[in-house]
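**Q** First the structure, then my questions, so here it is.
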Amino acid sequence: MHSPLKHFADLRDPRVERTREHLLEEILLITIAAILSGANGWNEIEDYAHSKHAWFKSFLTLPGGIPSHDTFNRVFSALDPEELEKGFVAWVSSLARLTAGEVVAIDGKVLRGTQESGKKAIVHMVSAWANTNCLVLGQRRVDEKSNEITAIPKLLDALELSGTVVTIDAMGCQRAIAEKIVAKKADYILAVKENQGHLLEEIKDSFQMLAADAVAEEIDYGHGRVEQRTCSAIADLSLVDKAAEWASLQGLVRIQSQRFHKATGKTERQIRYYITSIKPDAARLNRSIRQHWGIENKLHWVLDVGFSEDLDRKRAGHAAQNFSVLNRIALNLLKQDKSSKRGVHGKRLKAGWDNDYLLHLLRN
């Protein structure tokens, strides 16, 4: 991997020139280093930087010494989040080599700690996760008076997706989104729920009236449960009234899951439906749909548990949005490091204790 810092060289400093006591690039580097080492807030970043002052001084200029927590807060509250996210996407694009058929899952995450008492406003981010590469490819904020439908196209525009399979939950099941994915030379698998009422009923009718072209089954054991997942796919779109309006639509998909919990003896059953631009290949579709949940297990869960993102109380300006980008930079660096077999938490501890390992993360 290449150091991300050079991709942020064009960031505009939001401070007036006479107040620039600290260099923007050094503020950025110190912050990323601190987050890699376990810091989750401005006070922790300042404390960490002071504890590592001699080490930072060995390769940084630090014209104003170590910035205060207020300085970190003010800078990242004022920094243009679109510029920061653009630099992030450019960095990931320089290192990501997405494999043919790789699942890129797109899903939203609410930063719950950003909601102020008595107010509805809350920061809601949509991220793209490359499952095989274990990389966050990019993210976009959902506008306060909108929803993920408007943020997803902007995120797609920023990404290189050729040859991948984009999976999105029911919120993203929109004709314009499907068209944009196909225009990016990628395939799609979109969940269909009640928000596409007529389409959902037509898919259900298709599985009642027509024979499946392909069926595949998976059985998974683990975590005290046994799960059976049966994927059925139909190529016949004759019962879908407006099938031609969906770009490159090739098939309808049904996932029937049955989960048995050993501890309670209870069985849960669920049926989910999808549309796809992939020709009916039930085994492939089953795998791809299951891999979509990697964005929950490998990204959102890790950010909440490993980075305490859901507890984050940053509310000033763009602080929460920009800090979420910094968390994802740190997560990508940690996930891509193969020199240590520890998990994310263990690697952050090691980075805090071992300057050589931290430097390795920042440089590679």
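The values are calculated or read from the model by the stated rules, or taken from the named source; none is laboratory data. Quick caveat, the model's predicted, so the values are computed rather than measured. Methodologically, a virtual Cβ is constructed for each residue, glycine included, from the backbone with ideal geometry; neighbour enumeration extends over all protein chains shown. Please note that ligands, DNA and RNA were not included when accessible areas were found on the heavy atoms of the full protein model with its side chains. Shrake-Rupley method; radii C 1.70, N 1.55, O 1.52, S 1.80 Å.
**Q** Counting only Cα atoms, I'd like the Rg/Rh figure for the chain, Kirkwood definition for Rh.
**A** 1.02
**Q** Also, quick follow-up: Can you give the FRET efficiency for Glu160 and Ser308, using 1/(1 + (r/R0)^6), R0 = 35 Å, r = Cβ-Cβ distance, to the nearest 0.05?
**A** It comes out at approximately 0.65.
**Q** While we're looking at this one, here's another question. Across 10 Å bins from 0, what is the distribution of all Cα-Cα pair distances for the range 1-133, in whole percents?
**A** Here the calculated profile for the range 1-133 is 10, 32, 35, 18, 4, 0.
**Q** Compute the accessible area per residue over the chain, keeping the other protein chains in place, probe 1.4 Å, unit Å².
**A** 47 Å²
**Q** To the nearest 10 square angstrom, how much accessible area does Glu268 have with a 1.4 angstrom probe?
**A** The value for Glu268 is about 100 Å².
**Q** Please report, as a whole percent, how much of the solvent-accessible surface of the chain comes from carbon and sulfur atoms (probe radius 1.4 Å).
**A** 48 percent
**Q** Still on this model: Place a point 7 Å from the Cα of Ser238 along the Cα-to-Cβ direction; which residues of the range 214-230 have their backbone N under 20 Å from it?
**A** Correct set: 214-215.
**Q** For Arg363, Arg272, write out the residues from largest to smallest accessible area, computed with a 1.4 angstrom probe and no ligands counted.
**A** Arg363, Arg272
**Q** Can you list the lysines whose alpha carbon sits under 19 Å from that of Lys204, skipping same-chain ones fewer than 8 residues off?
**A** Lys193, Lys242, Lys279
**Q** Then there is this: Put Lys335, Lys242, Lys298, Lys279 in order of accessible area, largest first, 1.4 Å probe: what do you get?
**A** My answer, sorted largest first, is Lys279, Lys242, Lys298, Lys335.
**Q** Cys231 accessible area, nearest 10 Å², 1.4 Å probe?
**A** 0 Å²
**Q** Another question, if that's okay. Please give every one of the lysines within straight-line cross-link reach of Lys262, meaning a C-alpha to C-alpha distance under 23 Å, and leave out same-chain neighbours fewer than 8 residues apart.
**A** Candidates past the 8-residue exclusion: nothing left.
**Q** Enumerate the lysines that Lys314 could reach by cross-link, defined here as Cα to Cα under 19 Å, with residues fewer than 8 away along the same chain left out.
**A** Within the straight-line cut-off, Lys314 pairs with Lys109, Lys119, Lys120.
**Q** Considering only Ala186, Asn147, Leu210, whose Cα is most displaced toward the positive end of the charge dipole of the range 123-227, charges sitting on Cβ of Lys, Arg (+1) and Asp, Glu (-1)?
**A** Final value for the positive-end residue is Asn147.
**Q** Hey, another quick one. Go from 0 up to the bin containing the longest alpha carbon distance in the range 205-343, width 5 Å each, and give me the % of pairs per bin.
**A** Binned Cα distances yield the sequence 2, 8, 13, 13, 12, 11, 13, 13, 9, 5, 1, 0.
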